[in-house]
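Below is one structure, written out as structure tokens; the observations come after it.
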């Protein structure tokens, strides 16, 4: 089953907080939103006390008045459950509902996401408030959908309360049955960690050198995912009793220790995302992370959008950045330059969003987020962001037919939740994925090769692989036997698979079986790993591949061909100079390649070229590297979306007559994309 948003036109929305503003402003705000092209607003995600100011005393009049006004004005509403910010009366009376730090100290009221999702008291109170809200508002004609919670696992994706330990023990009992089976699976014989009573088991606690049992830690993350999904399913099941036919259920954001395929399956109709490309320009200080984005800067948000697309092929943006960002304590960012807000909205649409909702209508004038700028400033005057919104209003109307079209890619880079979670605590394979995925993304971007991300989930079938000419599995350390078998069938039918170092060297619990690496992929690649070594980040180790030297960073493996061939050999001053570093084996109509290192951008580019997947749209468009090309298709119609992330005009050539849907003007021959410009050519 597919989990996508279904709209007949591109739709704009905004996050609105009626509780932050005088009621006398509501009507004026809605009028201004509608004039600027906003037809949907999201409300209520942090407003539990507006429904239940004291325990058990419910009052629905506040949001009833807003919903009735929205209905009169023609504004549609996404209504939220408020479980991300439980009220002070709840956490003070029931401190067992609070999350804790690893040492057991409770996380206190005053922020958000401060509760655990295992406390029976918290779950009961959440169920009750959702039942009351959905039961009262579910039939309201202004409501078109529901958002559960807000950015679950955003502020933390680890939970250390006593309730979590109790629930974790129950999860382990259900999964393993006996302590003997648990001890065997978790390798507790090492360092004398055997358990003789279930009460001896806790969620991860402080240890010397911060080095807990890695297998039990991986299991804890699987438990967190399962429990988060159950928390959402509980709320979704309640909402489904009261929602009108056609009203959707979603949530916002993609964060750690949640299997989003499972979340869709059990609770959601589709996912929405919160896109903040301006993190690429963070100014340092607390949580300043601009360096992580490299030379591509805000273009890297496309990689996050690709992950969202792997969950819901057509999705929504619940929070699209509209202004400069930052809390009073962290995340300082500059104001977007003129044109960037519009560019970032089109970046989201280019990657599969059919609904874009901006954060927020007006900048809040109290609290921690007074620097997260909205469409309007505190003083409520018109802004350049409002002008850009009006431009988007007109453009999305002209390009309304894009809704329902699909991002078109022939390359997919694969990911695997258990491997990612295991890698967070394993410095030998965990850091490789971020390096390699970013370099594949960069190589595809500059080659104008649209790229997907693909989740290697338990229900993955051959039909999900068939659309791609190339699959890249950078470092799937916990590669399941079932997935390896599926990849073999894909290759036999003509597909090409590229593996990276550390593939298949662990089992489902993160243990290292007594078998050669790459484990279940060894037959497919025609060889094994004989030896490996970490290398410094500035290492110049390389292989000779396709007649040239190609960098091989981070970790190097010495490979041993069996019925495969050595496609590349090490070129290095190290002891393994001249030995195989890249293997290839042809099977059926396709082939598999194994690269014994992390992927450099040069390696990814070389393999794209080898596969004939560089510049796949060159017959229509000749583009410079700093223009992104995204392609969406609907039936036989292709939409070529060009995005200029630079502050200078960029020339390009259009081979053959096309029309820019945003202006209605023809495009053929030499052309120019303005600074922060966008074109949709069809």
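A short reminder: the numbers here are calculations on the coordinates, not readings from a lab. Quantities reported herein were computed from a predicted structural model and do not represent experimental measurements. Please note: Cβ atoms are built from the backbone with ideal geometry, for glycine as well, and neighbour counts cover all protein chains shown.
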Please give the peptides 428-437, 620-629 ranked by average Cβ packing (other Cβ atoms within 10 Å per residue), highest first, as a rough proxy for protection.
428-437, 620-629
Could you tell me which of rounded, prolate or oblate describes the chain, using a ≥ b ≥ c as the square roots of the eigenvalues of the alpha-carbon gyration tensor, with rounded for a/c under 1.5 and, failing that, prolate when a/b is larger than b/c and oblate otherwise?
oblate
Based on the mean of other Cβ atoms within 10 Å per residue, sort peptides 347-353, 188-194, 661-667 so the most packed one is first.
347-353, 661-667, 188-194
Using the 2.2 N^0.38 Å rule of thumb for compact globular proteins, work out how the stretch 209-364 stacks up: its C-alpha Rg over that value, please.
1.18
In percent, what relative contact order does the chain have, based on Cα pairs under 8 Å that are 6 or more apart in sequence?
11
Over the stretch 328-462, how many percent of alpha carbon pairs lie in each 10 Å bin up to the one with the longest distance?
9, 26, 28, 27, 10, 0
Show me 125-131, 635-641 ranked by packing, highest mean number of other Cβ atoms within 10 Å first.
125-131, 635-641
Sort the stretch 621-681 into rounded, prolate or oblate with this rule: let a ≥ b ≥ c be the square roots of the eigenvalues of the Cα gyration tensor; rounded if a/c is under 1.5, and if a/c is not under 1.5, prolate when a/b is larger than b/c, oblate otherwise.
prolate
Averaging sequence separations of C-alpha pairs under 8 Å and six or more residues apart, then dividing by the length of the stretch 411-610, give the relative contact order as a whole percent.
23
Hey, fewest Cβ within 10 Å first, where do 440, 48 land in order?
48, 440
Given Cα pairs under 8 Å that are at least 6 residues apart, what percent is the relative contact order of the stretch 256-402?
22
Per q in 0.10, 0.11, 0.15 Å⁻¹, report the Debye log10 I(q)/I(0) for the stretch 1-125, using one uniform scatterer on each alpha carbon and no solvent.
-0.44, -0.52, -0.83
Cα gyration tensor shape for the stretch 394-500, rounded if a/c is under 1.5, else prolate or oblate:
prolate
